[in-house]
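This report concerns only the one structure given below.
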Amino acid sequence: MELEVRLQVYEGPLDLLLHLIDKNKINIYDINIVEITSQYLEYVSLMRQHDLEVVSEFMVMAATLLDIKAKMLLPKEVNEEGEEIDPRQELVEQLLEYKMYKYASYELRDRYSYAETAFFRKQELPEEVKKYEAPVDLEALLDGVTLRKLNDVFKDVMKRKEDKIDPIRSKFGQIEREEVSLTEKMDFIIARLKSTHTVRFFSLLDSEQSKMHTIMSFLAVLELMKEGKIVIVQENIFDDIVIEAA
């Protein structure tokens, strides 16, 4: 009756080496090359009889172990600093790195298995709760910001607008008065905040096409502050004011 031998499957030569080290309770930093090499070659010999397709990778490690074993029998080599070179050092580093990634894969596998057992309920809030808006504290909202500061900023913007006017071309023709909606300006600022999260006061007013648009944008900022929909921040005096959604 023929004896059937079943070999344990290993993911690679480093996986087999770790198994032998753990099995023999050997310190990974002080590997007994003679013992490990002997057991490794014995396993590879059995593997060659059953599966020649995967044995090549293990044979490369076998050659590496034999090379290290030979170097261990020779006099110790010394580096430029006068320290002895351990032929096993590179192999130990490979084993430690492989062991770290292997245990990390176990951790990820366990977390994945745990995640499959977790279910989250869809959020269901009453309409009253969704519509609730926290009361706005105007004193806290306007802390550090005074009308004088806003007036100074407004005057500075208006002066910059005047500097942009061409003294010759501005006299050509007659510009008709255009209707500007405060609500539209407020909606425009809110839309800008949704896309960019923050808007600088100067850049907001500089983008306007006329003095009336600039005035309405300024009033829209004040109205949005009053309603508690925006917050303005100015780090230092005369600095640009940053507008943020409340």
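Quick notes on this one:
- Residue ID - nearest to the chain's Cα centre (by Cα), chosen from residues in the stretch 67-105 that are surrounded by 11 or more Cβ atoms within 10 Å (Cβ to Cβ) and in a loop (DSSP other than H, G, I, E, B): Arg88
- Elements of type strands (runs of 3 or more DSSP E) contained in the stretch 194-246, each with 2 or more residues being in contact (Cβ under 8 Å) with a residue 24 or more places away in the chain, surrounded by 15 or more Cβ atoms within 10 Å (Cβ to Cβ) and among the β-branched types (Val, Ile, Thr): 230-233
- Residue check, Leu20 among the aliphatic types (A, V, I, L, M) and either at pLDDT 80 or above or loosely packed, with under 10 Cβ neighbours inside 10 Å (or both): yes
- Meets criteria (within 46 Å of the chain's Cα centre (by Cα), more than 24 Å from Tyr103 (Cβ to Cβ) and modelled with pLDDT under 85) for Val9: no
- Given (1) assigned to a loop (DSSP other than H, G, I, E, B); (2) modelled with pLDDT under 80; (3) within 41 Å of the chain's Cα centre (by Cα), number of the condition Ile31 does not satisfy: (2)
- Number of positions in the stretch 155-193 that are of a type in the set (S, T, N, Q), modelled with pLDDT of 65 or more and assigned to a helix (DSSP H, G or I): 1
- In the stretch 133-154, residue nearest to Met225 (Cα to Cα) [restricted to those that are at pLDDT 75 or above and surrounded by 10 or more Cβ atoms within 10 Å (Cβ to Cβ)]: Leu150
The values are calculated or read from the model by the stated rules, or taken from the named source; none is laboratory data. A quick note: this is a predicted structure, and the numbers were derived from the prediction, not measured. Glycine gets a Cβ as well: all are built from the backbone with ideal geometry, and neighbour counts include every protein chain shown.
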